[in-house]
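The values are calculated or read from the model by the stated rules, or taken from the named source; none is laboratory data. Every value quoted in this text rests on a predicted model; they were computed, and no experiment measured them. For neighbour counting, all protein chains shown are included, and Cβ atoms are generated from backbone atoms with ideal geometry for every residue, glycine included. Quick note on the areas: whole protein, heavy atoms, side chains included, nothing else; ligands and nucleic acids left out. Shrake-Rupley method; radii C 1.70, N 1.55, O 1.52, S 1.80 Å.
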Amino acid sequence: MKNLLDDLIEIIGIDDVIPEQSGSFKQLQIQETFSIPENKPEAEHILSIRVNAEITGTQIIETPIAQSNEGQVLLGKKIIVQGKLIQKIEYAADVEGQPVHTAEFEKLFSDYIVLDDDIDCSSPVIVTPYIEDIYVKLISKRKVFKNIVLLINAASSAFNLGSGKPDEKRKKSLANRYEISKYYKCNVKEERCFTQFVLKEKIEIPRPKPDIEQIVTTIIDPEILSMKVINTIKGRSREGQNLSGKKIIVELKIKQKILYAADLICRSIHGVEKEHYQSVYVVVPERIEGTDIEALLRNKLLQPKITVEDVFARKVDERKIFKSIVLFLEFVYIPSYEICYSYQHSSSGSNLFVAYENGRHAHQITYDDDHKNIKPKWSPSGQEIACLSDCLGKFMLCLIDPGTSSKRVFTQAGIFEAISSYCWSPDGGRIIFSAVKGISKEIYSMDVRGSEYEQITWGNGLIKSFRPECSPDGKRMAYIRSTSNILNIWISDAKGLDSSQITACGYIKDFDWMDDDKLVFISGKGNKQDEASVIDINSLEAERIFTGLDIFAKKLIRISPDNQYAALIGAKSNKNDVDDVYLYEFKNKCAINITKNFCTTKISDLAWGIDSNKIYYVSDELGYCNIYSISLRDFCKKQLTNTTAADIQISYRPRIR
């Protein structure tokens, strides 16, 4: 213990030996302003301060194993620590002769320490306080400000503190450390949205309630008043705090009721009620599963959960109570349906299912045993699903609410003979579709909530227009026009005006928008190798892609939501017996095979996850069609469904708005 002089005040109590290294500790800064008792004279100046820290109680509680977006780590256990600071001040009185007087105070404290995973909780955990700094200042003749920097350190008693080596019991448990560390890494690397904090305050018993003899119980009821998302910086501080760009500010009202036995002969029970208002923040990612935090909060897909982990209440004197509450606030992401797929269960029937992004909790939303529901597409809002259904004898457009499974026929068979392809407008207000009407096959637009349709393309029966796709900004539309079986891509505005041909190869197989000014497309004819290209729709300059790999047949191409990659289904030979998924990176102009199938495999469809870090595709590599996913982070493949389907078509939900 050190004795120091600070501004001519003797400081007694600072520890001269502090652990060099520890994983289970908490740094506290305990500040207070206290008054010299009325029965003591006023102070002229402080001579010395002596502080001693004492641990009065501990309790180990269970916690999740997780890491917050802010960098807080939970390893499964934390220890609640209660203690007190015993403080004695010597001062020269502000009277003639300046006699020396003393004043003694006790300051209660309570906090928690996250226990390191190498601490053996089957043995007693020893908590030791270390006083690192003491500051005291006389701010008036009866008021003293004091600040104590306190370190509380937890260590297992299974360690021999003298030698620094574990005992035999601890030594045996080291054999399991490797397995424990693998479990720890697996769980902690996934960040969660939480914060943990401690509320400390003194409560005075109001008049005319009687004095306190003993505290009986404490009741805590936290309530969330409001929440809002704010923007912040991105980065990591030297202290290890992470900021992600978004925080949720939470306003809390904490209702408290303390029951105590009165200092009366009858020891009657009395209560003190108080409301404490607190504002806290939780660091959250900008998006979860591709959806903005604001939208998740607004749609109640990110829900707050507050837990009271510990309550400590102690009588300070006959009229005051010290109270400390440990709270854990977490925002829990409610998984929602993100994948929609059509499942062909027989030659004449297929139904739609929705599932989480990992394939779990599959839920059927159409129930047509003898009809087909195919080509599902989520609406841009993620609230509806469109599909083609032959429930009226011919394929018509239908809209389905995935929550209620209600189905509404969007186009009537009496107007159109069949619908072959369609797309949503980016704002979700209209559906653009290709329909057969008489001898013509043209593109039409229809308001989602209305019944009026508008014809966009005009042919003469020999010219057919189909496969419409809106540009990301909704100002343009691309489609395939067929003239005597010569297929090219045409561009027009959203109304079908100002149309022009942008390709001349004549054999377009598939295309997708890259951005508002560029398209990717596949072209090919007969026994010649297919080509994949990017074209600028303004300059009409084209550049071939996927040139570094020997891909003979190219079947389908899709651009990632961040426009960094293209995914393609292709086969190495003209036999088309082994399909693979290929990935092209535009920045580095390189392509790789990410499935590497070696036996007969058909891949029929693919879709991007909204975060651009995962590809979903349909493969029959096990004899039946199933959905698989591949992560672009580690290229790990997972099978998401286990069906006997003859065919599956998939759609991934856009961001919720």
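To the nearest 0.05, how large is the calculated FRET efficiency for Gln383 and Glu213 if R₀ is 41 Å and r is the Cβ-Cβ distance? It would help to have the intermediate numbers written out before the result.
Details: r = 61 Å, r/R0 = 1.48.
Once rounded, the FRET efficiency stands at 0.10.
Which percent, nearest 5, of DSSP beta bridges in the chain are antiparallel?
On the way: 237 of 245 bridges.
Roughly 95 percent of the DSSP beta bridges within the chain come out antiparallel.
Mind ranking 206-215, 79-88 by how tightly packed they are, going by the mean number of other C-beta atoms within 10 angstrom, highest first?
Values: 206-215: 12.9, 79-88: 19.9.
Top to bottom by mean Cβ count within 10 Å: 79-88, 206-215.
Hey, how many Å between the Cα centroid of the range 409-482 and the Cα centroid of the range 511-563?
That distance is 24 Å.
So what is the relative contact order for the range 529-625, in percent, with contacts set as C-alpha pairs under 8 Å and at least six apart? Numbers along the way, then the final one.
Numbers: 193 pairs, mean separation 18.9, N = 97.
Relative contact order for the range 529-625 comes out at 20 percent.
For a Förster distance of 45 Å, can you work out the FRET efficiency between the beta-carbons of Thr644 and Val409, rounded to the nearest 0.05? Kindly include the intermediate steps, with their values, before the conclusion.
On the way: r = 29 Å, r/R0 = 0.65.
Taking R0 as 45 Å, the efficiency between Thr644 and Val409 is 0.95.
What value, in deg cm²/dmol to 500, does the helix sum -39500 (n - 2.57) over DSSP H runs of n ≥ 4 give at 222 nm once divided by the residues of the chain?
-1000 deg cm²/dmol
Whole-Hz ³J(HN,Hα) for each residue in the range 492-509, computed from phi via Karplus 6.51 cos²θ - 1.76 cosθ + 1.60 with θ = phi - 60°, x for glycine and proline: what do you get?
9, 7, 5, 8, x, 8, 6, 7, 7, 7, 10, 10, 10, 6, x, 9, 6, 9
What residues of the range 319-341 lie in the reach of a label at Tyr367, counting those whose backbone N is under 20 Å from a point 7 Å from the Cα along Cα→Cβ?
341
So if R0 is 51 Å, what FRET efficiency would Ala504 and Thr600 give, r being the distance between their Cβ atoms, rounded to the nearest 0.05? Walk me through the intermediate numbers first.
Working: r = 36 Å, r/R0 = 0.70.
That gives a FRET efficiency of 0.90.
Roughly how many Å² of Thr63 are accessible to a 1.4 Å probe, to the nearest 10?
Counting only protein heavy atoms, the figure is 20 Å².
Take the alpha carbon atoms of the range 24-77, find their center, do the same for the range 617-657, and report the distance between the two centers in whole angstrom.
Distance between centres, Cα-based: 53 Å.
Amide H of Val332: which non-local residues (sequence gap of 5 or more, or other chain) have their own amide H closer than 5 Å, using H built in the peptide plane?
For Val332, the qualifying residues are Gln303, Lys305.
Of Glu204, Glu96, which has the most accessible area and how do the rest follow, probe 1.4 Å?
Working: Glu204 125, Glu96 180 Å².
Result of the area sort, largest leading: Glu96, Glu204.
Angle check, please: helix 177-188 long axis (alpha carbons) against the longest principal axis of the chain (alpha carbons), in degrees 0 to 90, nearest 10.
With both axes taken from Cα atoms, the answer is about 70 degrees.
How far apart, in nm, are two points set 7 Å out from the Cα along the Cα-to-Cβ line at Asp493 and at Lys394?
Here the answer is 3.2 nm between the modelled labels.
I'd like the Karplus ³J(HN,Hα) series for the range 61-70: coefficients 6.51, -1.76, 1.60, θ = phi - 60°, whole numbers in Hz, and an x wherever there's a Gly or Pro.
Values per residue, Gly and Pro as x: 10, 7, 9, x, 9, 6, 10, 7, 5, 7 Hz.
On a full-extension model of 0.36 nm per residue, what is the gain between Lys587 and Val149, subtracting their alpha-carbon distance, rounded to one decimal in nm? Each step should come with its number before you reach the end.
Numbers: separation 438, 0.36 × 438 = 157.68 nm, distance 5.22 nm.
Length difference between fully extended and current span is 152.5 nm.
Explain nothing, just compute: Karplus ³J(HN,Hα) = 6.51 cos²θ - 1.76 cosθ + 1.60, θ = phi - 60°, for every residue of the range 433-449 in order, whole Hz, x for Gly and Pro.
Rounded to whole hertz, the list is 9, 9, 9, 8, 9, x, 9, 9, 10, 10, 9, 10, 10, 9, 5, 4, 8.
Between Arg267 and Ile439, what is the spin-label point distance in nm, taking each point 7 Å from the Cα along the Cα→C-beta axis?
10.4
Of the listed values (i) -0.58, -1.16; (ii) -0.78, -1.12; (iii) -0.86, -1.03, grab the one calculated as log10 I(q)/I(0) by the Debye sum over Cα atoms at q = 0.08, 0.11 Å⁻¹ from the structure here.
Here the calculated entry is (ii).
Are there any GluC sites (Glu not before Pro) in the range 528-626 that are in a DSSP loop and have at most 13 other Cβ atoms within 10 Å? List them by number.
Values: sites: Glu531, Glu541, Glu543, Glu585, Glu621; in loops: Glu541, Glu621.
Within the range 528-626, the qualifying GluC sites (Glu not before Pro) (loop, at most 13 other Cβ atoms within 10 Å) are Glu541.
Would you rank Phe410, Phe598 by solvent-accessible area, highest first, keeping every protein chain in place and using a 1.4 Å probe? The partial results should precede the final answer.
Details: Phe410 10, Phe598 190 Å².
Accessible-area ranking of Phe410, Phe598, largest first: Phe598, Phe410.
Please report the accessible area of Tyr367 (heavy atoms, 1.4 Å probe, ligands and nucleic acids excluded) in Å², nearest 10.
About 140 Å², ignoring ligands and nucleic acids.
Return the long-range amide H neighbours of Lys246 (sequence gap of 5 or more, or a different chain), with a cut-off of under 5 Å between placed amide H atoms.
Thr232, Val284
For a quick check of your reading of the filter: which chymotrypsin sites (Phe, Trp or Tyr not before Pro) in the range 425-488 sit in a DSSP loop and have no more than 14 other Cβ atoms within 10 Å?
Working: sites: Phe433, Tyr444, Tyr453, Trp458, Phe466, Tyr479; in loops: Trp458.
Counting only loop positions with at most 14 other Cβ atoms within 10 Å, the chymotrypsin sites (Phe, Trp or Tyr not before Pro) in the range 425-488 are Trp458.
For the modelled label position 7 Å from the Cα of Glu32 along Cα-to-Cβ, which residues of the range 319-334 have backbone nitrogen atoms closer than 12 Å?
Those under the cut-off are 320-323.
Counting only the heavy atoms of the protein chains, how much of His345 is accessible to a 1.4 Å probe, in Å² to the nearest 10?
The accessible area comes out at roughly 80 Å².
Let me check I've understood the local charge: for Ser484, count other residues with C-beta under 15 angstrom from its C-beta, Lys and Arg +1, Asp and Glu -1. What total comes out?
On the way: positive: Lys441, Lys464, Arg481, Lys525; negative: none.
So the environment of Ser484 carries a net charge of +4.
Counting pairs of alpha carbon atoms under 8 Å apart in space and at least six apart in sequence, what relative contact order in percent does the range 465-506 give?
Details: 75 pairs, mean separation 12.1, N = 42.
Relative contact order comes out at 29 percent.
Check Asn373: other-chain or 5+ apart residues with amide H under 5 Å from its amide H, H built from backbone geometry?
Ser350, Asn351
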